[in-house]
1. Quickly work out the GLN77-to-GLU106 label distance, labels modelled 7 Å from Cα along the C-beta direction, and quote it in nm with one decimal.
2. Under 8 Å for C-alpha pairs, at least 6 residues apart: give me the relative contact order for the chain, rounded to a whole percent.
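Where a number appears in this text, it was derived from the coordinates with a stated rule and is not lab data. Owing to the predicted nature of the structure, the values given are computational and were not obtained by experimental measurement. Note: ideal-geometry Cβ built from the backbone for every residue, glycine included; neighbour counts use all protein chains shown.
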Amino acid sequence: EPNQRMDGRQVVAAVESGNYAEFRKAMYPIEASLRDRVGRWVQRYPQIQAKIGTRITIADIVEETFMLAFDRYNDWQPEMFFGQWIETLIDPAMKAIAHAPEGELETISFQRTWNKM
């Protein structure tokens, strides 16, 4: 459960302006619950779980999930709670990292650096 309410207007404005950094800020209320969910989900991917803490972090998977949510925002159907929809993106995020870990981790690193600017 998110510990704060999300600002839907902030999410929409960030997506419409193509501003991932603002989108990411809007995701803060659900970040902790997503991190917990990812921590449990990673057990389904032994090849990723084996690299947790050495090459891949839970934070990497959370970031990949948020990046997918940003890119696929227009696929979200309002009949589903937004946080639940984001959780449906955990599995595609895991698959992307499992399929091309170097490329995905580089993209995540680049995005984090860009967000700090």
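1. Simple spin-label model gives 3.7 nm for this pair.
2. On the way: 93 pairs, mean separation 29.1, N = 117.
Worked out over the chain, it gives 25 percent.
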